[in-house]
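Have a look at the structure below, then the notes.
The values are calculated or read from the model by the stated rules, or taken from the named source; none is laboratory data. All figures in this text were calculated on a predicted structure; none of them were measured in a lab. With ideal geometry, Cβ positions are generated from the backbone for all residues, glycine too; neighbour counts draw on all protein chains shown. Just so you know, the surface numbers come from the protein's heavy atoms only, side chains and all, with ligands and any DNA or RNA stripped out. Shrake-Rupley method; radii C 1.70, N 1.55, O 1.52, S 1.80 Å.
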Amino acid sequence: MTQAQETVFEQDTVDKARAIMARYPQARSALLPMLHLVQSVEGYVSQAGIRFCAGQLDLTEAEVSAVATFYTMYKRRPCGEHLVSVCTNTLCAALGGDAIYAKLKDHLKVGHEETAGEPGTPGSITLEHAECLAACDLGPVLQVNYEFYDNQTPDTALELVKALQNGEKPAPTRGAPLTDFKQAELQLAGFFEGRDADLDGPSAAAETLRGARLAQEKGWDAPAMPENAEFPPIPEKK
Ligand code: FES
């Protein structure tokens with residue numbers, strides 16, 4: 001390990017990296033959680049973070065960069081204390097997601113993946129457009145550090161962002177209590193130190209369960225899988 005890596009990522013991070021690698025038969029499979037670990041330290045994937053992952057996993061920096069630049073959850077610029085992701089995919093956009101994004105953009109005076117305030121300092125906010133967040137029945141939705149705030153309007157979203165800027169942490173509609181971006185990244189790397197509440201919280205909404213409830217009331221079942229069902233063979237690799 002080079003000196004530059006040691007100064008950015010301390011022993012605790014190295015220990016966590018080793019713990020992540022131990023979860024997989026092949027160390028290189030640990031790259032995705034490892035990149036979240038890197039973000040939990042620096043608030044983004046820096047060049048030093050790429051070197052760190054490459055060194056730990058015996059990959060090239062080009063291989064790590066290819067992954068880090070492919071997935072939108074890996075940020076290449078330092079993030080704010082909170083990452084606000086507004087769904088502007090078709091359904092949410094039509095229901096008001098575009099108006100929510102425009103309102104927050106005006107208020108924060110930043111664009112996509114830009115940060116209002118000094119990144120990492122209290123009250124700093126990174127804003128981004130997000131593709132479908134898989135909560136279309138609750139749209140328009142936004143997430144703060146990947147926790148859901150459902151059925152938003154431009155005004156409720158603005159109120160939420162102002163509260164975040166003032167150091168408050170309003171409770172998400174579903175999921176665990178709100179933390180900050182770096183802590184959320186540590187959770188995504190698989191570490192829930194001292195915060196049992198991180199594992200808690202309602203994960204489903206009444207709207208999402210309505211179909212299942214209706215089927216239960218009516219006694220509807222999905223057709224059973226036929227016994228000895230035959231599936232087409234998996235084509236061999238050429
Ligand atoms: S379109 Fe916004 S959650 Fe699906």
Inset, instruction - With a 10 Å radius around each residue's Cβ, average the other Cβ atoms per peptide and rank 176-183, 216-223, highest first. - result: 176-183, 216-223
Inset, instruction - First select every other residue whose beta carbon is under 13 angstrom from the beta carbon of residue 135; then total the charges, Lys and Arg +1, Asp and Glu -1. - result: -4
Inset, instruction - Would you list, by chain and number, the aspartates and glutamates whose Cα falls below 18 Å from the Cα of residue 16, excluding same-chain residues fewer than 8 positions away? - result: 6, 42, 58, 185, 193
Inset, instruction - Would you list which aspartates and glutamates come within 19 Å of residue 218, measuring only between C-alpha atoms, while excluding same-chain residues fewer than 8 positions from it? - result: 207
Legend entry - Relative contact order %, the stretch 3-70, counting alpha carbon pairs below 8 Å whose residues are six or more apart: 30
Legend entry - Under Karplus coefficients 6.51, -1.76 and 1.60, residue-wise ³J(HN,Hα) of the stretch 129-141 in Hz, glycine/proline x: 6, 10, 6, 3, 9, 6, 9, 4, 5, 10, x, x, 10
Inset, instruction - Based on alpha-carbon positions alone, could you give the equivalent ellipsoid semi-axes of the chain from the gyration tensor, as √(5λ), descending, whole Å? - result: 32, 29, 17
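If you add up the charges near residue 119, with Lys and Arg at +1 and Asp and Glu at -1, over every other residue whose beta carbon is less than 14 angstrom from its beta carbon, what do you get? Please report the intermediate quantities before stating the final value.
Working: positive: 75, 76, 77, 182; negative: 42, 81, 113, 114, 118, 128, 180, 185.
Every neighbour counted, the sum reads -4.
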Inset, instruction - Could you run the Karplus curve 6.51 cos²θ - 1.76 cosθ + 1.60 with θ = phi - 60° over the stretch 57-67 and give me ³J(HN,Hα) per residue in whole Hz, x for Gly and Pro? - result: 9, 6, 10, 7, 5, 5, 5, 5, 4, 4, 6
Legend entry - Cβ-derived FRET efficiency at R0 35 Å, residue 10 paired with residue 134, nearest 0.05: 0.45
Inset, instruction - At 7 Å along the Cα-to-beta-carbon direction for both residue 214 and residue 113, put a label point, then send me their distance in nm to one decimal. - result: 4.0
Legend entry - Residue-by-residue Karplus 3J(HN,Hα) for the stretch 21-30, coefficients 6.51, -1.76, 1.60, Hz, glycine and proline x: 4, 5, 7, 10, x, 10, 3, 4, 5, 7
Legend entry - Whole-percent carbon and sulfur share, accessible surface of the chain, 1.4 Å: 53
Legend entry - Residue-normalised accessible area of the chain, given per residue in Å² at a 1.4 Å probe: 57
Legend entry - Over the chain, relative contact order from alpha-carbon pairs under 8 Å, at least 6 apart, %: 17
